[in-house]
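A short write-up of the structure that comes next.
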Amino acid sequence: MSQLIAIAYPDLFKAEEVRLTLSKLQKEYLLELEDAVVVTKDAQGKIKLNQAVNLTAVGAISGGFRGSLIGMIFLSPLLGAAIGATSDAISGALTDAGIDDQLMKTLAAKMEPNTSALFVLIRKATPDKVVKEIEKFGGTILQSSLSHEDEARLQKALTPLAA
């Protein structure tokens, strides 16, 4: 079962830094992400969701390829590619895989201006190694599906020691 963790950061760029770190950890097989979305709230209060995977582009690419194959069968590869790319791009744009956009927008509405948050859906992880890599970024847990004990341990690791 996947675990949802949403962590807020006091500036617009920290969440993206953490997402890049998690991506590196995934390449090292220490983590398996299902989804990772950076949410920013600018000075005017506008909320922006920065998805890790652009479903519209993925749909257009796969649809173009599939359409070309079908088009070759019917001797019109360009028309087939255009139709396939268009239909799958629309399908990709309408698909909401991973973390629910409305949940992210609702939590982001409570964020301060000029801040960011990272929403991750984690399939598997090596917690001690992952936490060691992300604790240096700090952050405040907005929401998680972790147990109360695990959430408290993670928040303690993310909270800088008082000087």
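The values are calculated or read from the model by the stated rules, or taken from the named source; none is laboratory data. Since this is a predicted model, take the numbers as computed values, not measurements. FYI the Cβ positions are ideal-geometry reconstructions off the backbone, even for glycines, and counts take in every protein chain you see.
Below is a table of values for the structure above.
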read-out	value
Considering residues of segment 22-39 that are out of contact with any Lys or Arg (no Cβ under 9 Å at 6 or more places or on another chain) and not basic (Lys, Arg) only, the residue surrounded by the fewest Cβ atoms within 10 Å (Cβ to Cβ)	TYR29
Number of positions in segment 117-143 that are of a type outside the set (A, V, I, L, M, F, W, C) and either closer than 22 Å to LEU12 by Cβ or not assigned by TED's automatic domain parsing to the domain that holds LEU107 (or both)	7
Given (1) modelled with pLDDT of 55 or more; (2) polar (S, T, N, Q); (3) not in a strand (DSSP E or B), number of the condition ASN50 does not satisfy	(3)
Residue count, segment 104-130 (criterion: in contact with a strand residue (DSSP E or B) (Cβ under 9 Å, 6 or more places away or on another chain) and in a helix (DSSP H, G or I))	7
